[in-house]
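Colleague: Have a look at the structure that comes next, please.
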Amino acid sequence: MRATGLGKQVNTGNIHLTILRDVSFDVEPGEAVAILGASGSGKSTLLGLLAGLDQPTSGSVSIAGTDLFALDENGRAKLRAERVGFVFQSFQLLPAFTALENVMLPLELAGISAARAKAGAMLTHVGLAQRLAHYPKQLSGGEQQRVAIARAFVNEPELLFADEPTGNLDAATGAQIIDLMFDLNHERGTTLVLVTHDQAISQRCGRQLRLVAGCLQDTG
Amino acid sequence: MMRLGKESALALRLLWRDFRAGELKLLIVAVLIAVGSLTTVGFFTSRVQLALTQQSNQLLGADLTIVSDRPFGAELAEEARRRGLSVTRALRFPSMVMHGADNLLSDVKAVADGYPLRGEVRLADRLFGEERVVHEVPAAGSAWVDDRMMTRLGIRAGDVLQLGQIKLRVAALLTQEPDSVIGFINSAPRLLMNEADIAASGLIQTGSRVRYRLYLAGDTAVIDEYRLWAQSRIVAGQNIEGIRDARPEIRSALDRAERFLGLAALLSVVLSAVAIALATRRFLLRHLDGCAVMRCLGARQAVIVRLYVVHFVLLGAAASAAGCGIGYGAQLALASMLEGLLAIALPWPGFLPAWQGLAAGVLLLLGFALPPLVSLGQVPLMRVLRRDLGVPGGAGLLSYTLGLAVICGLVIWKAQDLRLGFFVLGGFLAASLLSLIVVATVLRVLSHLRTEGNFSWRYGVANLRRRALGNTIQIVALALGIMALLTLTLIRGDLLQSWKATLRPDTPNRFVINIQEDQVEALAVFFSTKGMPKPVLAPMVRGRLVAVNGQAVSSANYTEDRAKRLIDREFNLSWAEKTPPDSRIDSGSWWRENDTQFDQLSVEDGIAQTLGLRLGDRLTYEVAGNRIEATITSLRKVDWDSFRVNFFVITPPRLLQGSPVSYITSFYVPQGQVETLNELVREFPNLVMIDVAQIMTQVQKMMDQVSTAVQFVFLFTLVAGLVVLYAAIASTTDEREYEAAIMRTLGASRRQIAATQFAEFALTGALAGALAAAGASGLGYVLATNVLNVPYLGNTWIWVIGIGAGSAGIALAGMLGTRHVLAVPPLQSLRRIA
């Protein structure tokens, strides 16, 4: 994945707010990269742009050689469905779907067959074999994040974006979740881009990037 | 006081800000519809009421009239003159009017000098010509005719018409006359003539249906005294009508119309109330943060509640005022749809309906918005720190007591009757509950199917199931609107078709009445020379029911309108040897030939029920001054739809012998032989011929007109249903946006999400349409079997159109309502909502 000269400005009335300024970096296949930064430094905006969830003001992102913003909205959605997985701080599970259905969702969106069996196997893999038919509100925070991780890995993405995945969990549960995520990452050779403000978690990634007021500082 | 002023000013500012931010749109529209539909009906009926009150003596043509089905003796008029009252008279009867080869059944009124004593007669020289008021009656030998007669006979002033045995010159076009305000089906084109020509016309004969009317006018006190005096002198078959009870038939028709339209309008009010409750909840969720901050800044709970109450009273008053404006505009349309049915100039409506609309609008808004709003005052201060705090649960049904009381009050007020009010409320509640159960069950079944089928369908169903209560209410609301329109369009047509299908092709299409005894032979000859089958003539003797089992009866003994009418008027009695072909003996037995006991009666079971008559009852009829007594020995069921001559009461031949008799017949004339009928009328000018097909066309035209007006009122219901849909969509917008964002993040295309929403809305519409089709078909079945007595054939189009139009319409409306969900970048949605 390559980000080149990414910039994001927001206009509110007469005020022009610069959130990201000329951000460029590469991520190699299989690499794990942490993006660190204080609140408001633009971490989540950067992650959103890398995944094509929003449009940059300037610059480009390419994933496996495809220029993300040369595609239209549906093209980017297709690319996400085929190559990208997500883990969010607040889990973002669909409340009307069971754990199993939540995990089936990316498979169904990508038109992959045997979604039910694959999703079931993935949930078993993350230790939720007994929880397939439970709705999100019937699960603990840790369990919900496990479902989210299962959902992120189920379509075997080449690239995984994680946005503060332990932000809403206590320390012990958070540690388990991070272990699970890194285990899966190693096991499947996924490229990982992780946004966090936790120094300890970032240390588990091969490389750390620091955002300060929208500018990138490579800390190696 | 100052504090209150400041608070009101603040409430006004808050109102303006909310209005600017578009937070109040749905609440405003809901109130507009509720008040609009209530005041449309309110303004319209108020105009008709006012017209009846202001123009009552004009409607009567006098201050007091006495109607009679026989000529008046001299006493009534002489006494009136003695008391210094002005007196005049008129008589009215149906007759054929001929012009060249054409003839027309018309409503003839012959008036004496002085007519009318109140109100005015207007004439014109030609159609659409300039009107003038006249103060005399038509000169002897001339007639004034209305526009219908001019158009149908193609005549103009100066032409000569044949009426019975005389010729009358058309002197002018009659454009307005008092005591003729309602253009109902039984009023044929009018011919106004001088009473002096009646004798020469030879039209008043045995069995003629003549109504005599005495007009009186003068000082109010004298009129009142005269009325008291006359009350004890009038006999059966005579009625006194004063200004207060002028045109009772119009008043009771208006009462029924007001009741029906009022209740129809209430359907939109109920749906608007649902929309208000839904929209308020969204308003509440959006104002929780603001209220928490206000409380942090020192506002007390009571102050916050007061602020919002003032806010909503102002909002309710403003929206209701605008709703009154809509109602005022819409009643103009309603009045023009019913044009022709009411030949009466409608005055401007009073202010009362507007005040009622305002009160209903404000109370409705407060009733359904206040309970959730009270929780705004109770928002916990900690919400400023933790946003998940203080989100109130759904307000329970109990908290809507005020709102429900407002609805109940409105229903009882509009029903004008406590029992009917409770009946309507109960029916509505039962229908809603049943619908809720059906929809909830269908959603449950569908949710079990959710794992099968494609993704969009599955997710659409999941959405429906998740918001089950809200969606069920939405579906029921929409179903009510669709059902009302289906019933008035498809079911109405079906019932008419079903009824027409029961008629045989040779069903008689002409009735001829007034055939005199000495014409029977000549008529038979006429038919045979024309090569037409000999008509079956039935004798007809007019008689009044005066006693049952020796007890004198009068209309005062009965409560039902129909029974009163039957007692007040003369019955048509007939005699027969054998049971008529369209009759079936239900109980008792028909007389045998040469039965020595001839004081027997066979009574139609419907009329027996209306008058409370039983087998074995002994009835006394007054026939031409003689009393005839007989016992009911059989009750008959009559198939009136055969269009053959039938009678309520039949006797053995000997009982009525010697009584004045005329004959009646009905027959079928093929379209090509209409010329023969013209000859018949020329040869027998006193005969009155009734064209059944023409009457049916008129009935249908009137039904069309009335149902267009009712449809118009129900249009508010459909719009209210759509507002419920929008309110429900608006209350779930954030959720929808959030889910769409997650799905797009996980790779869903816009098309996939749009298809999901389409599935959800199309399913909502299909369910509403199916429910509406079921309701409309059920109603059609009840009407067909219980009211019209025709087999209900059912109509698959009801289902096709109900479900098809329901799902297409709701899908379109829903997609429009949620189109912005797809327009926002996913990151933005996730951030804003999470």
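Colleague: Could you check segment B:737-761 and list, in sequence order, the residues that are more than 14 Å from chain A (Cβ to nearest Cβ) and open to solvent by 20 Å² or more (accessible area, probe 1.4 Å)?
Modeller: Scanning segment B:737-761 gives a single hit, B:F758.
Colleague: Quick one: which residue in B:L680, B:L656, B:L619 is open to solvent by less than 10 Å² (accessible area, probe 1.4 Å), modelled with pLDDT of 80 or more and over 25 Å from B:A563 (Cα atoms)?
Modeller: On the way: B:L656 fails: over 25 Å from B:A563 (Cα atoms); B:L619 fails: over 25 Å from B:A563 (Cα atoms).
Matching residue, one of B:L680, B:L656, B:L619: B:L680.
Colleague: Tally time: how many residues in segment A:177-217 are surrounded by fewer than 16 Cβ atoms within 10 Å (Cβ to Cβ) and either more than 19 Å from A:G37 (Cα to Cα) or in contact with a Leu (Cβ under 6 Å, 6 or more places away or on another chain) (or both)?
Modeller: 6
Colleague: Would you mention how many residues in segment B:646-660 are under 21 Å from B:G237 (Cβ atoms), outside any loop (DSSP other than H, G, I, E, B) and over 41 Å from the mean Cα position of the chain (by Cα)? Steps first, please.
Modeller: Taking segment B:646-660 as the starting set, the residues that turn out to be under 21 Å from B:G237 (Cβ atoms) are B:647-649, B:651, B:656, B:659-660.
So of that shortlist, the ones also outside any loop (DSSP other than H, G, I, E, B) come out as B:649, B:651, B:656.
Narrowing the set further to residues that are over 41 Å from the mean Cα position of the chain (by Cα) leaves B:656.
Adding up the residues that qualify gives 1.
Colleague: State the number of residues belonging to segment A:100-114 that are among the hydrophobic types (A, V, I, L, M, F, W, C) and farther than 13 Å from A:F153 by Cα.
Modeller: So the count comes out to 5.
Colleague: If you check A:S60, A:S44, which single one turns out to be in contact (Cβ under 8 Å) with a residue 40 or more places away in the chain, within 22 Å of B:M743 (Cα to Cα), hydroxyl-bearing (S, T, Y) and touching a strand residue (DSSP E or B) at 6+ places or on another chain (Cβ under 9 Å)?
Modeller: Matching residue, one of A:S60, A:S44: A:S44.
Colleague: So, one more: Name the residues in segment B:789-829 that are within 14 Å of another protein chain (Cβ to nearest Cβ), assigned to a helix (DSSP H, G or I) and open to solvent by 10 Å² or more (accessible area, probe 1.4 Å), would you?
Modeller: Within segment B:789-829, B:L822, B:L827, B:Q828 meet the criteria.
Colleague: Among the residues of segment B:569-586, how many are in contact (Cβ under 8 Å) with a residue 40 or more places away in the chain and out of contact with any Lys or Arg (no Cβ under 9 Å at 6 or more places or on another chain)?
Modeller: Going through segment B:569-586, the residues in contact (Cβ under 8 Å) with a residue 40 or more places away in the chain turn out to be B:569-577, B:579-586.
From what's left, out of contact with any Lys or Arg (no Cβ under 9 Å at 6 or more places or on another chain): B:574, B:576-577.
Number of matching residues: 3.
Colleague: Can we say B:A51 is in a strand (DSSP E or B), small (G, A, S) and either surrounded by fewer than 17 Cβ atoms within 10 Å (Cβ to Cβ) or under 37 Å from the mean Cα position of the chain (by Cα) (or both)?
Modeller: Against the criterion (in a strand (DSSP E or B), small (G, A, S) and either surrounded by fewer than 17 Cβ atoms within 10 Å (Cβ to Cβ) or under 37 Å from the mean Cα position of the chain (by Cα) (or both)), B:A51 does not qualify.
Colleague: Let me ask something else about it. Which members of segment B:54-83 meet the condition of being open to solvent by 60 Å² or more (accessible area, probe 1.4 Å) and touching a residue at least 40 places away in the same chain (Cβ under 8 Å)?
Modeller: Correct list: B:Q54, B:R70, B:P71, B:E75, B:R83.
Colleague: Tell me which strands (runs of 3 or more DSSP E) are completely within segment A:22-115 and hold 1 or more residues being open to solvent by less than 20 Å² (accessible area, probe 1.4 Å) and within 14 Å of another protein chain (Cβ to nearest Cβ), or say none if there are none.
Modeller: On the way: elements: A:32-37, A:58-63, A:84-87.
Per the criteria, A:58-63, A:84-87.
Let's see how each residue does on (1) within 14 Å of chain A (Cβ to nearest Cβ); (2) at pLDDT 85 or above; (3) surrounded by 21 or more Cβ atoms within 10 Å (Cβ to Cβ):
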position: B:Q700; (1), (2), (3): no, no, no
position: B:F714; (1), (2), (3): no, no, yes
position: B:E735; (1), (2), (3): yes, no, no
position: B:G765; (1), (2), (3): no, yes, yes
position: B:A770; (1), (2), (3): no, yes, yes
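Colleague: Output the residues belonging to segment A:117-127 that are surrounded by fewer than 22 Cβ atoms within 10 Å (Cβ to Cβ), out of contact with any Leu (no Cβ under 7 Å at 6 or more places or on another chain) and of a type outside the set (S, T, Y).
Modeller: Listed by number, the residues that qualify are A:A117, A:A121, A:H125, A:G127.
Colleague: Does at least one position in segment A:145-162 carry a residue that is crowded, with 20+ Cβ neighbours inside 10 Å and among the charged types (D, E, K, R)?
Modeller: Within segment A:145-162 (the criterion being crowded, with 20+ Cβ neighbours inside 10 Å and among the charged types (D, E, K, R)), the answer is yes, since at least one residue qualifies.
Colleague: Looking at (1) within 14 Å of another protein chain (Cβ to nearest Cβ); (2) of a type outside the set (D, E); (3) buried (at least 23 other Cβ atoms within 10 Å of the Cβ), which is the only condition B:F455 fails?
Modeller: B:F455 satisfies every listed condition except (3).
Colleague: Moving on. I need the full set of residues from segment B:572-618 which are in a loop (DSSP other than H, G, I, E, B), at positive phi and more than 34 Å from the chain's Cα centre (by Cα), in order please.
Modeller: Of everything in segment B:572-618, those that are in a loop (DSSP other than H, G, I, E, B), at positive phi and more than 34 Å from the chain's Cα centre (by Cα) turn out to be B:N594, B:G616.
Colleague: From the set of residues in segment B:776-788 that are open to solvent by 30 Å² or more (accessible area, probe 1.4 Å) and hydroxyl-bearing (S, T, Y), which is nearest to the other protein chains (Cβ to nearest Cβ)? Give the derivation first.
Modeller: In the first step, residues of segment B:776-788 are kept if they are open to solvent by 30 Å² or more (accessible area, probe 1.4 Å); the result is B:778-779, B:781-783, B:785-788.
Now drop any that are not hydroxyl-bearing (S, T, Y), which leaves B:781, B:785.
On the way: B:Y781: 38, B:T785: 44 Å.
It comes out as B:Y781.
Colleague: So, one more: Condition first: surrounded by 13 or more Cβ atoms within 10 Å (Cβ to Cβ) and either within 26 Å of B:L503 (Cα to Cα) or β-branched (V, I, T) (or both). Can you find one or more residues in segment B:554-563 that meet it?
Modeller: Checked against the condition, which is being surrounded by 13 or more Cβ atoms within 10 Å (Cβ to Cβ) and either within 26 Å of B:L503 (Cα to Cα) or β-branched (V, I, T) (or both), segment B:554-563 yields no hits at all.
Colleague: Within segment B:30-38, can one find any residue that is open to solvent by less than 20 Å² (accessible area, probe 1.4 Å), farther than 26 Å from B:F260 by Cα and small (G, A, S)?
Modeller: no
Colleague: Return yes or no: is B:D197 in contact with a helix residue (DSSP H, G or I) (Cβ under 7 Å, 6 or more places away or on another chain), charged (D, E, K, R) and either modelled with pLDDT under 90 or buried (at least 19 other Cβ atoms within 10 Å of the Cβ) (or both)?
Modeller: Judged against the criteria, B:D197 is not a match.
Colleague: Okay, next question. Whether any residue in segment B:632-645 is open to solvent by less than 50 Å² (accessible area, probe 1.4 Å), assigned to a strand (DSSP E or B) and either in contact with a helix residue (DSSP H, G or I) (Cβ under 6 Å, 6 or more places away or on another chain) or of a type in the set (D, E) (or both) is what I want to check.
Modeller: Within segment B:632-645, one or more residues are open to solvent by less than 50 Å² (accessible area, probe 1.4 Å), assigned to a strand (DSSP E or B) and either in contact with a helix residue (DSSP H, G or I) (Cβ under 6 Å, 6 or more places away or on another chain) or of a type in the set (D, E) (or both).
The values are calculated or read from the model by the stated rules, or taken from the named source; none is laboratory data. Here the structure is a predicted model, which means the values were calculated and not measured. Note that we place each Cβ from the backbone using ideal geometry, even for glycine, and neighbour counts take in every protein chain shown. Areas reflect the complete protein model, heavy atoms only, side chains present, ligands, DNA and RNA absent. Shrake-Rupley method; radii C 1.70, N 1.55, O 1.52, S 1.80 Å.
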